[in-house]
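The values are calculated or read from the model by the stated rules, or taken from the named source; none is laboratory data. Bear in mind the structure is a predicted one, so any value in this text is a computation, not a measurement. All Cβ positions, even for glycine, are placed from backbone atoms using ideal geometry, and neighbour counts span all protein chains on display. When the accessible area is computed, the model is the full protein with side chains, heavy atoms only, and any ligands, DNA or RNA have been set aside. Shrake-Rupley method; radii C 1.70, N 1.55, O 1.52, S 1.80 Å.
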Amino acid sequence: MLNYLCKHCHQSMAYIDYNRSPYCSQNPCQRARVQAEILEHKTKVNQVIQQSVELFRHSQQPTENDENHPSTPINAILPYNDKALVELPEDRKEAFIAHLRRVYQSVCEQKPNAEATYVAELKPADDELTSTMLGKACGTCKGACCGLGETHAFQDYWSLRRYVSAFEKMPTEKTVINDYRKYLPSHSYQAACVFQGEMGCALPSDMRATTCRNYKCDGLINYENTLRDAGTNLTHAAGTRGRTVLHISVFDETSTQIIPIAKPALS
Ligand code: SF4
Ligand code: SF4
Ligand SMILES: [Zn+2]
């Protein structure tokens with residue numbers, strides 16, 4: 001009789017359980033299952049990137065840029081925003097203005113906890129090259145994390161206090177509201193942050209919330225870590241949703257190219 005063994009702890013499993021998943025229900029084995037799935041996902045995405053870039057290169061004349069990059073590129077696996085771009089409705093704009101008004105009041109009254117706060121401390125800015133490379137990675141992803149910005153755009157006491165502190169004296173509510181209102185785009189991504197326009201965040205960086213300025217998703221952190229130790233900036237980046245690659249771009253600090261996907265769906 002066949003013996004069905006857990007792939008992690010090698011203990012015997014009932015056929016019906018093994019057939020559902022070859023990892024038993026113990027916590028370390030479930031963690032091992034998740035790790036194995038992550039690795040499998042990464043391997044498949046890397047295969048799609050490689051096939052797509054190779055197909056594209058074969059269809060093109062070699063460029064000077066190819067010769068400048070004899071080294072192995074870095075792969076970045078990122079999320080992807082595939083929401084529809086729609087007209088930004090007036091009620092969403094007004095919901096943001098009402099939120100900003102409340103936050104402004106809390107700053108005037110020095111009441112940090114009067115409204116929800118997200119994060120107080122602004123992390124040090126990245127150096128220029130890192131910032132360029134990470135910006136290109138986020139451009140590949142098209143701002144999946146901004147989907148969480150809704151009608152608050154993460155504006156909180158600490159963010160607005162930082163913004164108004166650059167003025168010689170406290171600006172009026174009207175000034176602050178006009179400052180932000182003029183950046184609300186005509187079109188934004190459906191059910192995402194009101195400031196997430198077609199070209200990314202419509203706010204200048206010094207007006208963005210502290211959360212927005214600090215935030216790096218896991219994919220971006222992995223990419224940044226790899227970039228730090230790599231001998232090249234040449235990056236093959238994939239925007240993914242679940243197990244599907246939806247966008248591929250190849251970039252370095254000076255150029256960016258969008259590559260057709262050779263095999264859009266992963267099995
Ligand atoms: S931080 Fe991550 S999710 Fe947000 S835009 Fe950059 S790559 Fe996309
Ligand atoms: S303010 Fe800009 S960076 Fe922040 S969530 Fe909205 S679109 Fe994204
Ligand atoms: Zn097990």
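Which shape class, rounded, prolate or oblate, goes with segment 1-66 when its Cα gyration tensor gives a ≥ b ≥ c as root eigenvalues, a/c under 1.5 marks rounded, and past that a/b bigger than b/c marks prolate? Write down the numbers at each step before the final one.
Values: a/c = 5.65, a/b = 3.41, b/c = 1.65.
Prolate.
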Zone residues, segment 151-179, relative to Ala98, backbone N less than 18 Å from point 7 Å out along Cα-to-Cβ: 151-156, 177-178
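For segment 105-164, state which GluC sites (Glu not before Pro) are in a DSSP loop and have at most 16 other beta carbons lying within 10 Å of their beta carbon.
On the way: sites: Glu109, Glu115, Glu121, Glu128, Glu150; in loops: Glu109, Glu115, Glu121, Glu150.
Listed in order of number, the matching sites are Glu109, Glu121, Glu150.
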Sequence-distant lysines (8 or more away, or on other chains) whose Cα lies within less than 17 Å of Lys93: Lys174, Lys182
Two pseudo-spin positions, 7 Å from Cα along C-beta at Glu87 and at Gln35, lie apart in nanometres by 5.3 nm
At 7 Å along the Cα-to-beta-carbon direction for both Ser25 and Gln190, put a label point, then send me their distance in nm to one decimal. 3.9 nm
Mind listing P(r) for the chain? All alpha-carbon pairs, 10 Å bins, whole percents. 6, 23, 25, 21, 16, 7, 2, 0, 0
Heavy-atom accessible area of Arg102 with all protein chains present, probe 1.4 Å, nearest 10 Å²? 110 Å²
How far apart, in nanometres, would the label points at Thr72 and Asn222 be if each is projected 7 angstrom from Cα along the Cα-to-Cβ direction? 1.6 nm
Could you tell me the center-to-center distance, by alpha carbons, between segment 81-150 and segment 191-235 in angstrom? 12 Å
How big, on average over all directions, is the shadow cast by the Cα convex hull of segment 85-214, in nm²? 7.9 nm²
Charge dipole magnitude, Cβ of K and R +1, D and E -1 - the chain, Cα centre, debye nearest 20: 780 debye
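Report, in deg cm²/dmol and to the nearest 500, the calculated mean residue ellipticity at 222 nm for the chain, where each DSSP H run with n ≥ 4 adds -39500 (n - 2.57) and the sum is divided by the residue count.
Values: 9 runs with 110 residues, N = 267.
Taking each H run of at least 4 residues, the total per residue is -13000 deg cm²/dmol.
Which whole-number percent gives the relative contact order of segment 85-214, counting Cα pairs below 8 Å spaced six or more residues apart? Don't jump to the answer; show the numbers that get you there.
On the way: 156 pairs, mean separation 50.6, N = 130.
Across segment 85-214, relative contact order equals 39 percent.
For Cα pairs less than 8 Å apart in space and 6+ apart in sequence, what is the mean separation divided by the residue count of segment 188-267, i.e. the relative contact order in percent? If you can, show how the numbers build up before the last one.
Details: 71 pairs, mean separation 12.2, N = 80.
Dividing the mean separation by the residue count of segment 188-267 yields 15 percent.
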